[in-house]
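Accompanying notes for the structure given below.
The values are calculated or read from the model by the stated rules, or taken from the named source; none is laboratory data. Just so we're clear, the structure is a prediction, and the values are computed from it rather than from any experiment. Cβ: placed from backbone, ideal geometry, glycine included. Neighbour counts: every protein chain shown. Remember, those area values only see protein heavy atoms, side chains included, never the ligands or the DNA or RNA. Shrake-Rupley method; radii C 1.70, N 1.55, O 1.52, S 1.80 Å.
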Amino acid sequence: MKASYLLVFITLLLMVLGFACKQATLTTGATMLVYEIDHSSCNGCGECIRVCPNDAIYFNVQSKAVIDQSKCTKCGKCVKVCPNSAIY
Amino acid sequence: MWEMCESMSKQCYLLVILLLGVWGLKAEVQLQSGFYSVSGNEKQTYLNQSRLDANFSLIPNLTLSVISKLDAADRKVQEFPQKKWMNNSIGLQYRKEHWDAEVGYRNLLFGNPDRLQLYPEWRPGTDFDRQTQHQAQLGIKGNFAGLSVSAYGINKQLRSNPVEYVYDFGTDTMIPTVMPEQSFGDVYYGVELSYAVKPFLSINASTDMKQANFTGAPDIYKLNTFTLGTQMELQPISSSRFSGTFNWRNCDGRGIPDITRNIFETTLRYQQSLGLQFSGFISLINDSCSDDKLNEVYLLSNQVRCHLLYHFEYDPAQASYISAGVKHSLKEEAIAIFGEGQWKLVDHVYGTLGYRRIGTTINNYQVKVSYNFRSFTECYLQCNINDSTLSTKPLNYLGIGTSIRM
């Protein structure tokens, strides 16, 4: 039981560290942008695929939109059209 | 309006054929269609949005699903680089005991598409007009005593006409030359292993591969990703749930900047229900990155999101509700707010009001009145108005529609 609590604590700590990274150096250059899609908010409408000028978004097997980072030029058009604000 | 009706015949015929096909199979069918007048565009625009969803149980454990979505307008709407767009998919899903397998085909049709620089890193001076996209996909998942194994494969082929520009010395202009239609393919495949260390805690490892599958495609479109992560889910009391995930993702590809080769994703989510009427959740998402040497960690994005939903008791159909949410990007200090409410006005008649504010630039108002014949069958009048300080203003929509379940 104590090992379980320790494991949970370590997991939570790892998760919180993800947020603690904000204090690190912050840059906002274009190369720093990485757009991701929150699948819990994505409804599979496909508006992002319609608007993408670089064929950089596709549907996965679960019909959720996925961004192909090898093609994404970070234009941001998909962010504007998403009705559920699922792209961040 | 007449131009739109004439020009959308190919996609419309396809939708009708699909509808007759699934109706013949006696599938459970949901059909929605709406016609809208769009203002704020260069000229008055008319838009049709239709959707068909059908599910059919072929044999026990085997389900056939068909989805077809059509967006057709007589002019381009906002930033969408085509007048018409159709998304069709058909899938077979098999579920039994420890196995879950699905195979499917998806097809995207682009009507009157713009010419786009689809591949600027590969062919910077060449435009492409997207015609059709075909996608075949396969997914399989198995669960065995806490160990979960899943794999997928996707083959996507985009049919397009490249347009090359040749300089004409006589007229001192670039003359576009449309090349024969070509196919540009991408193949995505991957496998994931997940093991439940404890009932509330699991660890996972996955690899995702991607290759550009067309002649002359450079390595910049090749991408390999390896992910290690952990997922936790606790249920302190029966009406609440707390979940969290942490993933480290390593991306290897020529097109990936060094500084974003390692991505650290963290999500926390808390859900709470109070009886049958009230539910809500709050979630935090954070993405950070680092190069392979892990010298420094940089922030990519982080946001807090909160949603609340309340169903009114007076409506026995539970279709009257009020919902509100807020999304705050901590890094960009931007807030998006939304609120929506639906109320039963009189028997069979519902009214819906919605409001959405994005940052300080866009206010969106929605009004809808619908008459419900029975569950999931209605006709409605809908209005969507945007008030914006942006130079390119969002459009306003006014239209009627219907939704039918057969």
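Some observations on this one:
- Computed over chain B, the convex hull of the alpha-carbon atoms projects to a mean area of 25.7 nm².
- In the distance distribution for region B:287-354, Cα-Cα pairs more than 20 Å apart total 53 percent.
- Pairs of Cα atoms in region A:30-88 fall into 5 Å distance bins, from 0 up to the last occupied one, in shares of 4, 22, 35, 25, 11, 2, 0 percent.
- Average beta carbon contacts from partner chains per residue of A:59-65, 10 Å cutoff: 6
- Pairs beyond 31 Å (Cα-Cα), from B:84/B:210; B:327/B:368; A:74/B:393; A:74/B:210; B:156/B:327; A:77/B:43: B:156/B:327
- B:95, B:241, B:123, reordered so the largest accessible area comes first (probe 1.4 Å): B:95, B:241, B:123
- Computed from backbone phi with θ = phi - 60° and the Karplus coefficients 6.51, -1.76 and 1.60, the 3J(HN,Hα) list for region B:67-84 is 10, 9, 10, 10, 10, 10, 9, 7, 9, 5, 10, 6, 8, 5, x, 7, 7, 10 Hz; x is used for glycine and proline.
- Averaging over all projection directions, the Cα-based convex hull of the protein assembly as shown occupies 27.1 nm² in the image plane.
- Longest to shortest principal axis, alpha-carbon extents of region B:45-113, angstrom: 50, 16, 14
- In Å², nearest 10: area of residue B:357 left accessible to a 1.4 Å probe: 80
- Phi-based couplings in Hz for region A:52-61 (Karplus 6.51, -1.76, 1.60; Gly and Pro marked x): 5, x, 10, 6, 9, 10, 9, 8, 8, 5
- Average beta-carbon neighbours from other chains, 10 Å sphere, peptide B:281-291: 4
- Surface listing: B:387, B:129 arranged by accessible area from highest to lowest gives B:387, B:129, probe 1.4 Å.
- Only protein heavy atoms count here; on that basis, with a 1.4 Å probe, residue B:343 has an accessible area of about 80 Å².
- Phi angles across region A:69-83 convert, under the Karplus curve 6.51 cos²θ - 1.76 cosθ + 1.60 with θ = phi - 60°, into 3J(HN,Hα) values of 5, 6, 10, 5, 9, 6, 6, x, 5, 5, 4, 5, 8, 5, x Hz, Gly and Pro given as x.
- Long-range amide H partners of residue B:312 with built H, under 5 Å: B:320, B:321, B:322
- Over region B:181-273 - Rg/Rh using Cα atoms and the Kirkwood inverse-distance radius: 1.15
- Across all Cα atoms of region B:288-403, the radius of gyration (one decimal) and Dmax (whole number) stand at 19.5, 66 Å.
- 10 Å Cβ neighbours from other chains, averaged over peptide A:67-74: 6
- Heavy-atom accessible area order for B:96, A:71, largest first, 1.4 Å probe: B:96, A:71
- When accessible surface is computed with a 1.4 Å probe, chains A and B are found to bury approximately 5300 Å² between them, both chains counted.
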